[in-house]
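**Q** Let me begin by handing over the structure; questions about it come next.
The values are calculated or read from the model by the stated rules, or taken from the named source; none is laboratory data. Since we're looking at a predicted model, the values are computed, not measured. Glycine gets a Cβ as well: all are built from the backbone with ideal geometry, and neighbour counts include every protein chain shown. Calculation scope for accessible area: heavy atoms of the full protein, side chains included, ligands and nucleic acids excluded. Shrake-Rupley method; radii C 1.70, N 1.55, O 1.52, S 1.80 Å.
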Amino acid sequence: MRVAYLGPAGTYTEEALLGLCKLMPALGQATFVARPTIADCLLDCDRGNVDYAMVPMENSIEGSVNMTLDWLIHHVEIPIRSEIALLISHHALVHPDRKDSPFSNVEKVLSHPQAIAQCHQFIRQHCPHALIEYTKSTAEAAEYVAHHPEQKLVAIGPRVAGETYGLYEALANIEDHPNNYTRFVLVGHESVNGQSIEAPKMQRTDKTSILVTLPEDFPGALHQVLSAFAWRKLNLTRIESRPTKKKLGSYFFIIDIGQGMDDTLVPGAIAEIEALGCQVRLLGSYPCYMPQDTTTRSTMSMKG
């Protein structure tokens with residue numbers, strides 16, 4: 001078994017994948033394959049080069065990862081098999097040769113766009129004049145800083161990235177909001193071979209995700225779609241629109257239903273929606289895991 005993940009080593013995606021391996025014993029026997037972009041992960045899975053792909057889906061601060069959504073909608077058809085939420089803690093990482101240099105001397109801040117967006121307060125307070133350079137992953141930013149000690153750089157990323165690339169953790173917990181969670185999804189054409197188990201301090205829920213395309217020129221169509229769930233008392237945990245890329249004002253609707261696929265309620269709602277003339281695509285029905293410990297942390301705590 002081979003699993004592609006957003007790499008190189010030391011990313012939050014790898015950390016989430018390791019967490020999921022504790023819940024799915026069969027997955028723990030897999031070979032991890034680091035890929036440089038979300039698109040590469042999903043394409044490798046779609047083409048059969050790997051069995052599964054692990055990618056970020058949504059952050060509690062910045063919202064959905066549009067790259068993941070758009071590729072799952074427009075370019076590949078790979079079911080979601082499982083989901084895990086990870087508490088994200090960003091750290092300011094510098095080369096050891098520059099550990100005594102003040103942040104005011106930093107000329108460039110590097111990280112993934114989502115990480116940069118989650119740490120605006122740190123950047124404004126400590127590195128207001130630094131240039132922002134986006135990287136494909138947080139680990140790529142850490143790797144670059146490790147290989148360029150002559151430059152005045154700081155990488156934003158997980159502690160494990162600093163440990164992996166030998167960087168100094170100049171400042172810990174620099175995210176704007178302490179309860180910073182990201183949902184990661186495991187996608188694949190086949191179910192994971194092995195029975196899921198509960199791990200300590202984890203709670204499981206089940207979810208079904210669908211993609212709905214409304215018919216043209218149908219006033220009140222979205223209301224009728226939502227009514228199909230409402231009268232069946234099916235809880236919706238997320239509704240999000242994404243452009244169809246066909247014309248301005250044309251959208252898909254991604255709907256997360258707060259339960260797994262059953263024999264009656266969810267199929268009945270889907271059948272009613274299709275009867276309205278809507279197109280429905282099942283994105284997956286899968287277990288979702290989240291840590292039970294949501295204790296807030298103090299941000300920008302100095303290491304040591």
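**Q** Scan segment 98-109 and give yes if some residue there is over 18 Å from Leu186 (Cβ atoms), modelled with pLDDT of 95 or more and of a type in the set (A, V, I, L, M), otherwise no.
**A** Yes, because at least one residue in segment 98-109 is over 18 Å from Leu186 (Cβ atoms), modelled with pLDDT of 95 or more and of a type in the set (A, V, I, L, M).
**Q** Is it the case that some residue within segment 265-287 is acidic (Asp, Glu) and in a helix (DSSP H, G or I)?
**A** Initially, segment 265-287 is screened for residues acidic (Asp, Glu), giving 272, 274.
Filter once more, so that each one left must be in a helix (DSSP H, G or I): 272, 274.
Within segment 265-287, one or more residues are acidic (Asp, Glu) and in a helix (DSSP H, G or I).
**Q** Can you name every residue in segment 1-53 that is in contact (Cβ under 8 Å) with a residue 12 or more places away in the chain, part of a helix (DSSP H, G or I), open to solvent by 20 Å² or more (accessible area, probe 1.4 Å) and out of contact with any strand residue (DSSP E or B) (no Cβ under 9 Å at 6 or more places or on another chain)?
**A** Result: Gln29, single match.
**Q** Considering segment 154-177 alone, what residues qualify as being more than 30 Å from Gly284 (Cβ to Cβ) and open to solvent by 10 Å² or more (accessible area, probe 1.4 Å)?
**A** Arg159, Glu163, Thr164, Tyr165, Gly166, Leu167, Tyr168, Glu169, Ala170, Asn173, Asp176
**Q** Please find, within segment 191-225, the residue that is farthest from the chain's Cα centre (by Cα) out of those that are open to solvent by less than 30 Å² (accessible area, probe 1.4 Å) and at pLDDT 90 or above.
**A** Checked segment 191-225; the qualifying residue farthest from the chain's Cα centre (by Cα) is Val225.
**Q** Which count do you get for residues in segment 231-248 that are more than 16 Å from Ala269 (Cβ to Cβ) and either touching a strand residue (DSSP E or B) at 6+ places or on another chain (Cβ under 9 Å) or at pLDDT 90 or above (or both)?
**A** 5
**Q** Please work out which residue is farthest from Asn49 (Cα to Cα), limiting yourself to segment 86-108 and to residues that are open to solvent by less than 40 Å² (accessible area, probe 1.4 Å) and not in a loop (DSSP other than H, G, I, E, B).
**A** The selected residue is Phe103.
**Q** Still on this structure, I have one more. Test Ala228 against the stated conditions and say whether it is in contact with a helix residue (DSSP H, G or I) (Cβ under 8 Å, 6 or more places away or on another chain), assigned to a helix (DSSP H, G or I) and modelled with pLDDT of 95 or more. Working first, answer last.
**A** Numbers: in contact with a helix residue (DSSP H, G or I) (Cβ under 8 Å, 6 or more places away or on another chain): yes; assigned to a helix (DSSP H, G or I): yes; modelled with pLDDT of 95 or more: yes.
Here the answer is yes, as Ala228 does meet what is asked.
**Q** Right, here's the next one. Taking the conditions exactly as written (in contact with a Lys or Arg (Cβ under 7 Å, 6 or more places away or on another chain), of a type outside the set (Ser, Thr, Tyr) and in contact (Cβ under 8 Å) with a residue 12 or more places away in the chain), does Cys119 satisfy them or not?
**A** It is false that Cys119 is in contact with a Lys or Arg (Cβ under 7 Å, 6 or more places away or on another chain), of a type outside the set (Ser, Thr, Tyr) and in contact (Cβ under 8 Å) with a residue 12 or more places away in the chain.
**Q** If you go through segment 260-278, how many residues are at pLDDT below 95, surrounded by 13 or more Cβ atoms within 10 Å (Cβ to Cβ) and over 21 Å from Ile73 (Cα atoms)?
**A** Count: 2.
**Q** May I ask you to verify whether Glu83 is more than 20 Å from Pro8 (Cβ to Cβ), crowded, with 19+ Cβ neighbours inside 10 Å, touching a residue at least 12 places away in the same chain (Cβ under 8 Å) and touching a Lys or Arg at 6+ places or on another chain (Cβ under 9 Å)? First the steps, then the outcome.
**A** Working: more than 20 Å from Pro8 (Cβ to Cβ): yes; crowded, with 19+ Cβ neighbours inside 10 Å: yes; touching a residue at least 12 places away in the same chain (Cβ under 8 Å): yes; touching a Lys or Arg at 6+ places or on another chain (Cβ under 9 Å): yes.
Against the criterion (more than 20 Å from Pro8 (Cβ to Cβ), crowded, with 19+ Cβ neighbours inside 10 Å, touching a residue at least 12 places away in the same chain (Cβ under 8 Å) and touching a Lys or Arg at 6+ places or on another chain (Cβ under 9 Å)), Glu83 qualifies.
**Q** Something else about it: What pairs come up if the first residue lies in segment 243-254 and is closer than 16 Å to Cys278 by Cα and touching a residue at least 60 places away in the same chain (Cβ under 8 Å), the second is assigned to a strand (DSSP E or B) and open to solvent by 100 Å² or more (accessible area, probe 1.4 Å), and their beta carbons are under 6 Å apart, counting only those six or more places apart or on different chains?
**A** none
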